[in-house]
Amino acid sequence: MQKKQVAVLDVGSSKITAVIAERGINKTFVIKACSSMPCEGFDENGFYEPEKVKSAIYSAVHELKSIMREKLHAVYVGVPGAFTNVVVKNAQISFEGKKKIQESDVDALFDSALVLQQSGQTVINRSAVVFELDDFRRLANPVGAVSEILKGKLSFVLCNNYFIEFITDAVKSSGINNVEFISTALAESMYLLDEDVRDRIAVLVDVGYITSTFTLIQGDGVLYQNTFAFGGGHITGALVEEYEIPFDLAEKLKRKINLSSIASDMTDEIIDLDKGQYFRVSEVKRVILASLDELCEQISMCLDGSGYVIPEYVPLMVTGGGIAYLRGAKEHVAGRLNMAVEVIAPKVPMMDKPIESSKLSVLDLALDQ
């Protein structure tokens, strides 16, 4: 029997990636085709250069079709946090007597929550933080349990209709009519974080190229989410502004720095880059650290704004390509926020890098659906 294959479109703040894959052994993937095109980025108001984004989507999907040489019937699209909103509601349904709870009862509980389609938004994902029975037992999955009532703390992810319509039009222009949408933040939380970690409460920050998404998750549901304008490109931009150098040179300079290195003023190193340009390490570190402090301020605002008390033992999980490759960044963020920081990535051979997190997370959830 042929294995199930899915086509996924990962919309990042620096590139659009299209991939076709099937499930491998031990929750791995067999990538059949992959194509990436540069993207000029976005914020909550939309894409900065929409026509170029449409062209990138068309090119990426068209390349997949040419590689596979077969018809694609559907595409699952990962929705960045900038285009989503999270609503958490408590719901309860009662039965005539004790009964064994079925999947249809869980669906009825979600339906009873009556999350209204807010102006300009559509529900794309719904999941449970926790379920509760008549004997006060709290479960991640109540199917098969016996109870007279079923309660739930339920999480709904709503997507901006602008994004849905824009992406649907772009995908349909490449000849594919069926488009499904998945919250990238939810997918990353479910894929990257183990169940026991999520059951307590977990904090995940995906630092991208020009935007970052803060996600607070418990169980299988997102409790709180916020996207803000900061990414690895902002750090590079700070170096461009400080030294008046080209962007590619600033990116190269950033990757040469180790923020954890200690050097006195007398022994401070000099970095020699292309074209005979020299930079003092301590000065470059000062610029980068000042930029990282902006990230820490944003994360701190998210922690406070969530309304939840995060236990001291809960670490800040960081993924994405924004700062994962910047040596010493994790330690600096941990010191500023006064909490443990862990960089996480997919546990997949050859793809175990933070920059692969969004693509593989959406792919994992698409295959499960």
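The values are calculated or read from the model by the stated rules, or taken from the named source; none is laboratory data. Since the structure is predicted, the reported quantities are computational estimates derived from the model, not experimental observations. Cβ coordinates were reconstructed from backbone atoms using ideal geometry, including for glycine residues, and neighbour counts include every protein chain displayed. Ligands, DNA and RNA are stripped out before the accessible areas are found, and what is left, the full protein with its side chains, is counted by its heavy atoms. Shrake-Rupley method; radii C 1.70, N 1.55, O 1.52, S 1.80 Å.
Rundown of residues vs (1) at pLDDT below 95; (2) over 30 Å from A18 (Cα atoms); (3) in contact with a Cys (Cβ under 6 Å, 6 or more places away or on another chain), yes/no style:
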position	(1), (2), (3)
D107	yes, yes, no
F110	yes, yes, no
G120	yes, no, no
G144	yes, yes, no
D169	yes, no, no
K172	yes, no, no
G175	yes, no, no
S183	no, no, no
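Would you check if T215 is more than 21 Å from Q369 (Cβ to Cβ) and in contact with a strand residue (DSSP E or B) (Cβ under 7 Å, 6 or more places away or on another chain)? So T215 fails the test.
Against the numbered list (1) assigned to a helix (DSSP H, G or I); (2) over 21 Å from A82 (Cβ atoms); (3) in contact with a strand residue (DSSP E or B) (Cβ under 6 Å, 6 or more places away or on another chain), L239 comes up short only at (3).
I need a count of the residues in segment 291-339 that are part of a loop (DSSP other than H, G, I, E, B), of a type outside the set (F, W, Y) and open to solvent by 80 Å² or more (accessible area, probe 1.4 Å). Break it down stepwise before answering.
In the first step, residues of segment 291-339 are kept if they are part of a loop (DSSP other than H, G, I, E, B); the result is 306-315, 320-326, 328, 338-339.
From what's left, of a type outside the set (F, W, Y): 306-307, 309-312, 314-315, 320-324, 326, 328, 338-339.
From the residues that got through so far, the ones that are open to solvent by 80 Å² or more (accessible area, probe 1.4 Å) too are 309, 312, 338.
Of the residues in segment 291-339, 3 are part of a loop (DSSP other than H, G, I, E, B), of a type outside the set (F, W, Y) and open to solvent by 80 Å² or more (accessible area, probe 1.4 Å).
Scan segment 40-60 for residues that are under 13 Å from I16 (Cα atoms) and modelled with pLDDT under 85 and jot them down. Within segment 40-60, E40, G41 qualify.
Each row is one residue, and each column tells you yes or no for (1) at pLDDT 85 or above; (2) within 23 Å of R336 (Cβ to Cβ); (3) open to solvent by less than 50 Å² (accessible area, probe 1.4 Å).
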{"residue": "E242", "(1), (2), (3)": "yes, yes, no"}
{"residue": "D248", "(1), (2), (3)": "yes, no, no"}
{"residue": "K256", "(1), (2), (3)": "yes, yes, no"}
{"residue": "I262", "(1), (2), (3)": "no, yes, no"}
{"residue": "D265", "(1), (2), (3)": "no, no, no"}
{"residue": "I270", "(1), (2), (3)": "no, no, no"}
{"residue": "D274", "(1), (2), (3)": "no, no, no"}
{"residue": "Q277", "(1), (2), (3)": "no, no, no"}
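Evaluate the following for K65: is it in a helix (DSSP H, G or I), open to solvent by less than 90 Å² (accessible area, probe 1.4 Å) and out of contact with any strand residue (DSSP E or B) (no Cβ under 7 Å at 6 or more places or on another chain)? Yes; evaluated as a whole, the condition is true for this residue.
What strands (runs of 3 or more DSSP E), lying completely within segment 82-193, carry at least 2 residues that are hydrophobic (A, V, I, L, M, F, W, C), within 30 Å of Y48 (Cα to Cα) and open to solvent by less than 10 Å² (accessible area, probe 1.4 Å)? Even if it seems obvious, please write down each step before you answer.
On the way: elements: 84-100, 121-132, 146-160, 178-183.
Correct list: 146-160.
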